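Single-structure report; data block below.
The values are calculated or read from the model by the stated rules, or taken from the named source; none is laboratory data. On a predicted model such as this, the values are computed, not experimentally measured, just so you know. All Cβ positions, glycine included, derive from the backbone under ideal geometry; neighbour counts span all protein chains shown.
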Amino acid sequence: MKLKHLLFILAAGVGTTAAFAQDDAQNAKKIRERVKELITERCSLCHGARGDAASGTFPRLAAQHPAYIVKQLRDFRDGRRRGTAMNEMAKDLGEEEIAGLAVHFSTQKAGSRKSLDSDLVAVGSYIFNKGNEYSGVPACASCHGADGHGTIQLPRLAGQHPSYLETQLVDFNKRDRTNDNAIMHTIASKMTMLEIKAVTAYIGGLE
């Protein structure tokens, strides 16, 4: 079964799957049951059952694009993205389980938390929306959108934990993360720590 077809069936819900072939409906039910087990036994330990991770060590997955979640889980499973406990967590995931997890987390309500440091947020807003023409840092909004909701190819940033985003930008700069668009290596290498902390504080408050 093609991933696109599977994502659609899983997202349709129990009532709607009856309209599909019987084997598709039965398969979707089994996947949903397995996904519930995975969420309880693995995902919820760090990310929360609804993808609203309480700790900034782990990313919030709620409302993230399903295709992006699929890519990251595949990359963790196949070793293209390394260095975290996710390699162990994802090593035995099948395509259907990955698709089911992507549907679950992408359909959860996203959260956000505004920073109390208004000056830092103001700097972050400028970087996010206009970039820094003097150092060659482009506006984050030019790729991830003015609302930070991303695209099918690029992740949603809005509401993400600032400390998690900060870690990812540092990893991009050090080339410790190489499974995504290489342009992030160049962008991160041009950002100062002030810019990184400011823009991640701003992003964390986006809804």
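Observations, loosely collected:
- Going through (1) touching a residue at least 24 places away in the same chain (Cβ under 8 Å); (2) closer than 17 Å to Leu61 by Cβ one by one, Val170 falls short only on (2).
Per-residue answers, yes or no, for (1) of a type outside the set (S, T, N, Q); (2) over 17 Å from Gly204 (Cα atoms); (3) modelled with pLDDT of 95 or more:
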position: Ser135; (1), (2), (3): no, yes, yes
position: Ala139; (1), (2), (3): yes, no, yes
position: Ser142; (1), (2), (3): no, yes, yes
position: Ala146; (1), (2), (3): yes, no, yes
position: Gln153; (1), (2), (3): no, yes, no
position: His161; (1), (2), (3): yes, no, yes
position: Tyr164; (1), (2), (3): yes, no, yes
position: Asp171; (1), (2), (3): yes, yes, yes
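- Test: Glu97 is within 30 Å of Leu38 (Cβ to Cβ), at pLDDT 95 or above and not aromatic (Phe, Trp, Tyr): yes
Residues checked against (1) of a type in the set (S, T, N, Q); (2) in contact with a strand residue (DSSP E or B) (Cβ under 6 Å, 6 or more places away or on another chain); (3) outside the structural domain of Lys190 (by TED's automatic domain parsing); (4) closer than 30 Å to Ser189 by Cβ:
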{"position": "Phe58", "(1), (2), (3), (4)": "no, no, yes, yes"}
{"position": "Met86", "(1), (2), (3), (4)": "no, no, yes, yes"}
{"position": "Gly111", "(1), (2), (3), (4)": "no, no, yes, no"}
{"position": "Tyr134", "(1), (2), (3), (4)": "no, no, no, yes"}
{"position": "Ala139", "(1), (2), (3), (4)": "no, no, no, yes"}
{"position": "Gly145", "(1), (2), (3), (4)": "no, no, no, yes"}
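- Among the residues listed as Asp176, Asp78, the single one being in contact (Cβ under 8 Å) with a residue 24 or more places away in the chain, of a type in the set (Asp, Glu) and out of contact with any strand residue (DSSP E or B) (no Cβ under 9 Å at 6 or more places or on another chain): Asp176
- Restricting attention to the stretch 113-147 and to residues that are buried (at least 18 other Cβ atoms within 10 Å of the Cβ) and under 17 Å from Gln64 (Cβ atoms), the residue that is farthest from the chain's Cα centre (by Cα) turns out to be Cys140.
- Residue in the stretch 117-124 that is aliphatic (A, V, I, L, M) and within 21 Å of Met86 (Cβ to Cβ) present: no
- In the set Arg82, Arg42, only one residue is surrounded by fewer than 19 Cβ atoms within 10 Å (Cβ to Cβ), closer than 20 Å to Asp180 by Cβ and not assigned by TED's automatic domain parsing to the domain that holds Asn179; that residue is Arg82.
- Considering Ala99, Ala110, the condition of being over 13 Å from the mean Cα position of the chain (by Cα) and farther than 20 Å from Lys197 by Cβ is satisfied by Ala99 alone.
- The residues of the stretch 148-205 that are over 18 Å from the mean Cα position of the chain (by Cα), surrounded by 18 or more Cβ atoms within 10 Å (Cβ to Cβ) and assigned to a loop (DSSP other than H, G, I, E, B) amount to a single one, Met191.
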